[in-house]
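I have placed the structure first, in the form of structure tokens, so that the comments after it can refer back to it.
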Number of protein chains: 2
Amino acid sequence: MKYEVELKFPVAEMDALEAKLAELGVEILPPQVEVDRYFAHPAKDFAKTDEALRIRRKGDSNFITYKGPKIDPTTKTRHEIELPLSGGEESNADWTRMLQALGFTPVGEVRKTRRKAHIAWQGRMIEGSLDEIDRLGTFAELELVVEPEGIETAKTCITSLAAALGLTGSERRSYLELLLNAQ
Amino acid sequence: MKYEVELKFPVAEMDALEAKLAELGVEILPPQVEVDRYFAHPAKDFAKTDEALRIRRKGDSNFITYKGPKIDPTTKTRHEIELPLSGGEESNADWTRMLQALGFTPVGEVRKTRRKAHIAWQGRMIEGSLDEIDRLGTFAELELVVEPEGIETAKTCITSLAAALGLTGSERRSYLELLLNAQ
């Protein structure tokens with residue numbers, strides 16, 4: 001059972017963060033647009049149970065992702081299941097219809113431009129994301145995907161990298177929550 | 001919105017049916033094993049709403065299928081959404097985990113050996129299936145997939161072919177229902 005261990009931070013000065021990554025010799029990959037469509041569950045309130053279900057469009061690819069409740073008071077650590085779907089716009093629409101037929105209802109979309117960076121730190125490869133979220137602003141995410149027994153060391157590793165990059169003011173709410181709150 | 005127009009019949013003498021298909025010049029394709037895992041919905045009783053959700057394994061391929069309520073008192077005509085999943089056993093297990101995380105629970109499996117036949121009839125191409133269902137017996141299905149405006153002519157076409165093939169005693173219950181009833 002895989003867990004996503006993640007920290008997210010608002011970033012006021014993206015240039016300064018990019019400079020720090022450059023000092024570490026980290027390459028920032030070209031931007032990709034991601035569109036995440038989130039769904040409400042037919043029988044429970046995902047906002048209360050702290051779960052999420054989304055379909056992500058990334059270029060021509062589609063993915064479906066379930067996120068379990070956060071299991072930790074400081075990070076965004078949670079169980080995650082992400083599976084690939086057939087690519088293309090028609091498949092994206094078909095999957096929305098499938099979920100709607102099963103009683104799930106679309107509740108919002110998050111559109112972002114994401115630049116990924118693979119950051120070697122303390123012998124691990126942390127996945128960094130430099131995000132520009134439509135109607136919300138700029139953020140950075142640091143993430144490791146681990147088995148349950150690796151959660152604590154992953155948190156230590158990510159927290160240490162965040163400090164080294166000068167990232168502060170950890171944000172545990174999802175982009176969807178922030179967008180729905182802002183409305 | 002696609003509808004599956006279908007008739008299903010128990011077949012006491014499969015040899016006789018095969019002979020009739022041969023007279024029509026129909027080729028029967030090699031057998032394939034299909035394993036269908038059905039799921040219960042987290043908030044409603046699919047047996048009562050006459051819906052179904054299943055993951056089908058066919059050789060190395062996997063599919064997910066939603067079936068809406070039957071809309072007709074004589075045939076098995078219903079809305080159907082079928083989408084391909086990644087192939088292989090691991091993907092099949094991953095999708096079961098995904099559905100379970102969303103509150104769906106496995107309720108039964110239907111294993112069958114299916115031989116398909118494409119049957120030209122009244123200017124249409126009807127999909128025939130000669131099925132051996134584990135623990136249940138032998139059946140034949142005749143099916144057309146159509147838009148709503150084509151449902152009535154599809155029913156007429158399939159009913160006419162069934163009569164020509166000597167198929168009687170139409171069975172509207174699903175294989176899953178028949179298996180659960182037999183237990």
Would you call A:R111 more than 14 Å from chain B (Cβ to nearest Cβ), assigned to a strand (DSSP E or B) and under 30 Å from B:P42 (Cα atoms)? yes
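Filter the stretch A:14-33 down to the residues that are charged (D, E, K, R) and over 11 Å from A:G166 (Cα atoms) and list them by number.
Result: A:D15, A:E18, A:E23, A:E27.
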When residues of the stretch B:138-149 are filtered for being out of contact with any Asp or Glu (no Cβ under 9 Å at 6 or more places or on another chain) and in contact (Cβ under 8 Å) with a residue 12 or more places away in the chain, how many remain? 2
What number of residues within the stretch A:37-46 satisfy the criterion of being open to solvent by 60 Å² or more (accessible area, probe 1.4 Å) and among the basic types (K, R)? 1
Hits in the stretch A:1-36 - residues which are buried (at least 20 other Cβ atoms within 10 Å of the Cβ) and not in a loop (DSSP other than H, G, I, E, B): A:Y3, A:E4, A:V5, A:E6, A:L7, A:K8, A:L17, A:D36
Total residues in the stretch A:121-144, condition part of a strand (DSSP E or B) and open to solvent by 70 Å² or more (accessible area, probe 1.4 Å): 3
Would you check if there is a residue in the stretch A:43-54 being outside any helix (DSSP H, G or I), away from chain B (no Cβ under 12 Å) and modelled with pLDDT under 95? yes
Scanning the stretch B:73-91 residue by residue, those away from every other protein chain (no Cβ under 11 Å) and crowded, with 16+ Cβ neighbours inside 10 Å turn out to be B:T75, B:K76, B:T77, B:R78
Looking at the stretch B:92-101, which of the residues that are more than 30 Å from B:E147 (Cα to Cα) and at the interface with another protein chain (Cβ under 10 Å from one of its Cβ atoms) is most open to solvent (accessible area, probe 1.4 Å)? B:R97
Has the stretch B:47-70 got at least one residue that is open to solvent by less than 50 Å² (accessible area, probe 1.4 Å), in contact with a Leu (Cβ under 6 Å, 6 or more places away or on another chain), of a type in the set (A, V, I, L, M) and more than 27 Å from B:S160 (Cβ to Cβ)? yes
For the stretch B:55-80, name all the residues that are modelled with pLDDT of 95 or more and of a type in the set (A, V, I, L, M). B:I55, B:I64
Inspect the stretch A:57-68 for any residue being within 14 Å of chain B (Cβ to nearest Cβ), over 18 Å from A:R114 (Cβ atoms) and not β-branched (V, I, T) and give the result as yes or no. yes
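The values are calculated or read from the model by the stated rules, or taken from the named source; none is laboratory data. Being a predicted model, the structure only gives us computed values, none of them experimental. Virtual Cβ from ideal backbone geometry, glycine too; neighbours counted across all protein chains shown. Only protein heavy atoms, including side chains, enter the accessible area calculation; ligands, DNA and RNA are left aside. Shrake-Rupley method; radii C 1.70, N 1.55, O 1.52, S 1.80 Å.
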